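The values are calculated or read from the model by the stated rules, or taken from the named source; none is laboratory data. Every value quoted in this text rests on a predicted model; they were computed, and no experiment measured them. Neighbour counts run over all protein chains shown; Cβ positions are idealised from the backbone, glycine included. Please note that ligands, DNA and RNA were not included when accessible areas were found on the heavy atoms of the full protein model with its side chains. Shrake-Rupley method; radii C 1.70, N 1.55, O 1.52, S 1.80 Å.
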Number of protein chains: 2
Amino acid sequence: MQLSRKADYALRAVAYISQLKKGDLASIGRIAKARGIPREFLAKILKELTRAGVLVSFQGVTGGYRLSRLPKEITFLDVIEVMEGPVRINLCVDDRHCACTNEKSCEIRPFFVKQQEQIIRAFKRQNFGAFAHNKISKLA
Amino acid sequence: MQLSRKADYALRAVAYISQLKKGDLASIGRIAKARGIPREFLAKILKELTRAGVLVSFQGVTGGYRLSRLPKEITFLDVIEVMEGPVRINLCVDDRHCACTNEKSCEIRPFFVKQQEQIIRAFKRQNFGAFAHNKISKLA
DNA sequence: TCTTAATAGATTATAAAAATCTATATTTTA
DNA sequence: TAAAATATAGATTTTTATAATCTATTAAGA
């Protein structure tokens with residue numbers, strides 16, 4: 001019932017990158033140090049976010065990462081789903097794993113279906129616009 | 001980000017027991033068979049629920065389990081917390097693990113604090129009254 | 001051509017979840 | 001009173017997921 005550390009790190013990294021001035025890049029090392037994330041683990045995370053189209057990367061000495069689009073156009077759900085796959089709050093919500101579809105009235109599933117919708121809606125509502133460089137002060 | 005199978009089994013078992021007629025008991029074997037839960041695992045679960053005061057148990061040939069109080073007085077949260085401990089939707093919500101308390105404005109924590117409150121409220125609202133023996137038909 | 005970046009993907013380590021096992025205690029009933 | 005069916009206690013094992021690291025390569029600027 002807990003977000004993975006990987007997804008938490010990813011959210012923090014994207015929040016960090018959201019605070020860059022237009023055109024600036026942040027390197028893995030810089031973000032890792034600023035946010036206390038294990039460097040190699042973060043490398044893996046940013047790699048995945050790049051492949052998924054959330055970030056854009058540049059190699060070479062002056063390389064680093066920036067967002068692929070405006071901060072407000074990237075949601076928590078976007079980032080979390082790249083890290084963890086589709087949100088599933090209980091196994092039975094997924095049809096393939098529901099042991100109760102045959103039963104006339106499952107006691108449990110409808111409740112979790114509803115809760116899952118709730119949390120997905122919240123993850124979708126929350127975007128990185130609030131963190132953009134003009135909203136929050138200095139980067140560590 | 002997913003409820004443990006253990007907690008899911010526990011909810012199903014308590015829902016099952018909620019459907020018993022007043023005074024009736026259900027044995028581990030019966031519940032396990034009816035709901036497709038591994039028998040020994042369920043034994044462990046019901047043991048814990050009994051110790052936590054959610055269920056009452058009786059040993060011996062005619063033994064089994066019943067609720068310790070009315071179905072509507074047992075919430076999903078009660079059962080889930082016995083299985084998983086306090087609900088924590090992200091590590092950083094817990095003060096002891098928050099790496100960002102020192103930072104002026106953490107980007108992530110307040111959001112999850114709010115979501116956690118939401119889900120806890122929903123777990124507290126949902127009780128087993130809806131499953132009581134007169135509300136839903138026959139037990140498998 | 002050296003340095004500092006990202007990329008790819010395999011590998012290892014750690015921890016949590018899921019399940020099982022062994023032995024014991026309790027109660028009913030034959 | 002013995003046998004059968006139940007719960008209890010708690011350790012152990014198995015499996016899976018998470019977290020982290022490692023090795024080698026590619027790319028670009030100084």
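Say we look at segment B:25-40 and pick out the residues that are exposed (fewer than 13 other Cβ atoms within 10 Å of the Cβ) and away from every other protein chain (no Cβ under 14 Å); which of these is nearest to DNA strand D (Cβ to nearest atom)? Step by step, filter segment B:25-40, then rank; the result is B:Gly29. Residue count for segment B:53-93 satisfying the condition of being open to solvent by 50 Å² or more (accessible area, probe 1.4 Å) and more than 24 Å from A:Phe111 (Cα to Cα): 6.
Write out, first by first residue and then by second, each pair whose Cβ atoms fall under 8 Å of each other, whose residues are 6+ apart or on separate chains, and whose first residue, in segment B:58-85, is on the phi > 0 side of the Ramachandran plot while the second is within 13 Å of DNA strand D (Cβ to nearest atom). Correct list of pairs: B:Gly64/B:Leu25; B:Gly64/B:Ala26; B:Gly64/B:Ser27; B:Gly64/B:Ile28; B:Gly64/B:Arg30; B:Gly64/B:Ser57; B:Gly64/B:Phe58.
From the list B:Leu11, B:Leu3, B:Leu20, pick out the single residue that is part of a loop (DSSP other than H, G, I, E, B), facing chain A (nearest Cβ under 9 Å) and surrounded by 16 or more Cβ atoms within 10 Å (Cβ to Cβ). Steps first, answer last, please.
On the way: B:Leu11 fails: part of a loop (DSSP other than H, G, I, E, B); B:Leu20 fails: facing chain A (nearest Cβ under 9 Å).
Selected residue: B:Leu3, the only one of B:Leu11, B:Leu3, B:Leu20 that is part of a loop (DSSP other than H, G, I, E, B), facing chain A (nearest Cβ under 9 Å) and surrounded by 16 or more Cβ atoms within 10 Å (Cβ to Cβ).
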